[in-house]
Amino acid sequence: MYSRLQCMDCGQEYPVNEVRYACDACGGLLDVLHDWKSLRPQLTRRFFDERLGSLDAPYNSGVWRYKELIYPDAADRDIVSRPEGNTNLYCPRHLAEWAGVKTLYLKHEGENPTGSFKDRGMTGGVTQARILGMQRVACASTGNTSASLASYAAFAGMQCIIFLQNRQIALGKLAQGIAYGAICLQTDGDFDTNLALVREVSERLNIYVLNSVNPFRLEGQKSIIFEVIQQLKWQVPDWIVVPGGNLGNSSAFGKGLKELYDLGLIDRLPRLAVIQAEGASPLYRAYRTGFSDFAAMKAETLATAIKIGNPVSYKRAVRALTWTNGVVDYVTDQQIMDAKALIDAAGIGCEPASACSLAGTRKLVEAGIIRPHETVVGILTGHVLKDPDATIGYHSNTLEDITPAHQNLLRQSAATMDDIVRVLEGDAGRVPA
Ligand code: F0G
């Protein structure tokens with residue numbers, strides 16, 4: 001066996017072939033550790049470059065291309081892959097200018113099979129569910145994790161149960177859960193309550209939990225970083241900017257970066273910037289105290305994906321920030337929606353939470369933390385179609401407390417040539433400079 005579980009707090013180790021999400025000894029979160037000593041000799045840049053463009057499963061996946069860094073023990077026949085990853089890295093010049101940096105890349109994780117970065121973790125987690133022989137899987141979710149789990153579970157022939165917060169889930173995500181055949185439980189608890197409930201009920205009913213407490217999810221999510229760096233021909237950017245909610249992604253980024261560095265695949269670490277929504281910013285508040293104080297909060301934001309007040313991976317995220325000399329900031333819902341409108345209008349598109357990456361970059365540049373000559377990679381975590389209500393609400397100016405700075409009005413015309421010409425020769429007809 002190449003891998004084992006280790007408690008991040010007390011170091012207690014456990015085998016990977018048992019159902020476990022926390023340390024028995026101290027309750028700490030678990031990491032999957034791989035036997036780098038045995039694996040290291042084959043792990044070169046060239047080794048991974050040779051798999052690029054592979055047509056063969058599992059290496060055609062942008063997760064399993066890095067199998068030795070994710071889950072080397074997994075037998076190919078057990079791998080549940082759609083396949084995911086291989087997402088684009090855009091370099092939109094005018095968005096870089098708007099943010100105030102010379103080079104800005106946007107890694108679009110909304111281009112995954114179910115439209116969010118969650119598929120990268122889910123292929124790892126559902127593969128582990130299959131290896132463990134689990135028949136039923138479950139998660140609490142703000143909508144993307146559940147869409148992803150519903151799809152991967154159906155694909156693997158497992159029963160899926162998802163816990164959703166009443167009325168707080170974006171339409172596209174709700175539709176996905178239902179469409180992929182999951183048992184969808186809407187409760188009147190918020191995400192944080194639902195996560196506690198799902199852990200308890202899963203223990204009672206022998207269901208495998210696929211929230212990011214599950215360390216195999218985080219292993220898959222590391223591949224975002226691997227892929228970005230490989231796409232940049234192994235050149236390390238100065239900054240990686242990512243939205244923060246339950247903090248699984250930030251945690252996985254820290255672990256993945258540290259591993260690449262320790263293996264000698266990169267020669268320095270980029271700095272991580274985690275951006276939260278103002279109304280759901282417990283990590284930011286803790287950061288302001290030098291992480292001496294953490295307090296959960298009641299979360300409220302239009303970016304429902306990250307409406308989380310008690311992030312389960314808080315400690316792992318702090319570790320990632322320490323390793324990478326990282327920073328944390330917040331942006332308002334107004335800043336999120338305006339940045340989203342710009343990303344959308346650039347033809348790229350994303351859901352509200354994802355726009356934290358661009359809005360946060362601009363804020364950190366204005367604060368002098370990111371410098372204009374530095375190279376930034378922003379992660380777009382979800383697809384533009386996930387939350388159509390937010391997009392239409394913004395452009396029709398019906399969102400509470402938001403004044404759209406980049407409104408694209410829906411125009412009305414009679415079905416006559418005269419009226420169409422009148423509209424197109426009016427303000428709609430102005431060709432942009
Ligand atoms: N962006 C999107 C689109 C998300 O769906 C999430 C999390 C995040 C960012 C934050 O990532 O939790 O790793 O810090 N969504 C989860 C869900 C919580 O249930 O879909 P994180």
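Where a number appears in this text, it was derived from the coordinates with a stated rule and is not lab data. Note that this is a predicted model, so its numbers are computed, not measured. Using ideal geometry, Cβ is built from the backbone for each residue, glycine included, and neighbour counts are taken over all protein chains shown.
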The chain - Rg and Dmax from Cα coordinates, angstrom: 21.4, 77
Once phi is turned into ³J(HN,Hα) by the Karplus curve 6.51 cos²θ - 1.76 cosθ + 1.60 with θ = phi - 60°, what whole-Hz value does each residue of region 220-236 show in order, with x for glycine and proline? x, 5, 4, 5, 4, 5, 4, 5, 4, 5, 5, 5, 8, 6, 6, 8, 8
Taking alpha-carbon centroids only, region 76-150 lies from region 317-334 a number of Å equal to 20 Å
Using modelled amide H (1.01 Å from N, peptide plane; none on Pro or chain starts), what sits under 5 Å from the amide H of residue 186, excluding residues fewer than 5 places away? 164
Within region 169-269, which chymotrypsin sites (Phe, Trp or Tyr not before Pro) sit in a loop by DSSP and count at most 14 neighbouring Cβ atoms inside 10 Å? 234
With Cβ to Cβ distances under 15 Å as the rule, what net charge do the other residues near residue 239 carry (K, R +1; D, E -1)? +3
Hey, how much of the P(r) for region 93-200 falls beyond 23 Å, as a percent of Cα pairs? 34 percent
Helix axis angle, 144-156 relative to the chain longest principal axis, alpha carbon, degrees: 60 degrees
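Based on the mean of other Cβ atoms within 10 Å per residue, sort peptides 55-63, 145-153 so the most packed one is first.
In descending order of packing, they fall as 145-153, 55-63.
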Once the mean of 1/r over all distinct C-alpha pairs in region 22-147 is inverted, the Kirkwood radius in Å reads 17.0 Å
Roughly how many whole Å is it from the C-alpha centroid of region 352-411 to that of region 1-61? 35 Å
So what are the ³J(HN,Hα) numbers for region 78-86, from phi and the Karplus equation (6.51, -1.76, 1.60; θ = phi - 60°), rounded to whole Hz, Gly and Pro as x? 8, 6, 9, 9, 8, x, 10, x, 6
Which GluC sites (Glu not before Pro) from region 308-402 combine a DSSP loop assignment with at most 11 other Cβ atoms within 10 Å? 400
At R0 = 60 Å the Cβ-Cβ FRET efficiency linking residue 423 and residue 233, nearest 0.05, sits at 0.80
